[in-house]
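The values are calculated or read from the model by the stated rules, or taken from the named source; none is laboratory data. The model shown is predicted, which means the values in this text are computed figures rather than measured ones. For neighbour counting, all protein chains shown are included, and Cβ atoms are generated from backbone atoms with ideal geometry for every residue, glycine included. Heavy atoms of the whole protein, side chains included, go into the accessibility calculation; ligands, DNA and RNA do not. Shrake-Rupley method; radii C 1.70, N 1.55, O 1.52, S 1.80 Å.
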Amino acid sequence: MSEYGCKVCRILDEYGMERYEEQLLEQWQADGPQRKGYRQLAEWFNTLMLRREMDRAGLSTLGDEAESKYERLRSDEAVAEEVASELANAGVPIERLRSDFVSYGVIRTHLKECLSADVDLSSGDWERDAIEISTDHATTKIEAAVRSLRNKGRLSAGGDVSVSVTAELECENCHARVPVDRAIRREYVCRCDD
């Protein structure tokens, strides 16, 4: 791919962020817990774009200011629009930036097709990627269905509705239930066999 067949390639060039491509690749190919999945990389990349534009507009990016603004831009519509207005008034080209934010799929395509990169999944990281991709896919499908139901007047809410998908694991012996990411992090579902 390239000469802008890829959104990430275009953004790296237009935003002058080419030097971050190596960091993107390194974070994806890191070992063990340092390795970031596609969703984490997309969030990192989008936050990086926002931080650069905030810097250019003279806004503070100390601490986690850019991360905080990015999270609020992705929250419910009222909060997101308030933050967008604040950023636009400060000189950040927020509409362009929002349309340039990338999804995990765009990051995956860039890494695999543009960079022809791969990652050693023998360490068990493919499982985390599979869970992350499945959860993202389920979230997208449910968001579309909920939006359709609301548009048809078959589902109402006082404000915006956000979708959260969490896969859980359950021990068939003791019936302990735990979110899959927590089970993987601590390396057990339950201790009933101890």
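Of the listed requirements (1) in contact with a Leu (Cβ under 9 Å, 6 or more places away or on another chain); (2) at pLDDT below 85; (3) open to solvent by less than 50 Å² (accessible area, probe 1.4 Å); (4) of a type outside the set (A, V, I, L, M, F, W, C), Glu127 misses just one: (3).
Against the list (1) out of contact with any helix residue (DSSP H, G or I) (no Cβ under 8 Å at 6 or more places or on another chain); (2) not in a loop (DSSP other than H, G, I, E, B), the condition Tyr188 fails is (2).
Scanning region 109-126 finds one or more residues that are over 21 Å from Cys9 (Cα atoms) and of a type in the set (Phe, Trp, Tyr). Screening Arg108 on (1) buried (at least 18 other Cβ atoms within 10 Å of the Cβ); (2) assigned to a loop (DSSP other than H, G, I, E, B) shows it passes everything except condition (2).
Taken together, Val178, Val146 contain a single residue that is in contact with a strand residue (DSSP E or B) (Cβ under 9 Å, 6 or more places away or on another chain) and outside any loop (DSSP other than H, G, I, E, B), which is Val178. Does Arg98 meet the test of being outside any loop (DSSP other than H, G, I, E, B), surrounded by 12 or more Cβ atoms within 10 Å (Cβ to Cβ) and touching a residue at least 40 places away in the same chain (Cβ under 8 Å)? Taking the combined requirement at face value, the residue does not satisfy it. Looking across region 41-56 at every residue that is more than 13 Å from the chain's Cα centre (by Cα) and crowded, with 16+ Cβ neighbours inside 10 Å, the one that is nearest to Lys112 (Cα to Cα) is identified as Met49. If you go through region 156-171 and keep only what is at pLDDT 90 or above and open to solvent by 70 Å² or more (accessible area, probe 1.4 Å), you end up with Glu168, Glu170. Set side by side, the residues Arg35, Arg51, Arg56, Arg96 differ, and just one is touching a helix residue (DSSP H, G or I) at 6+ places or on another chain (Cβ under 7 Å) and at pLDDT 90 or above, which is Arg51.
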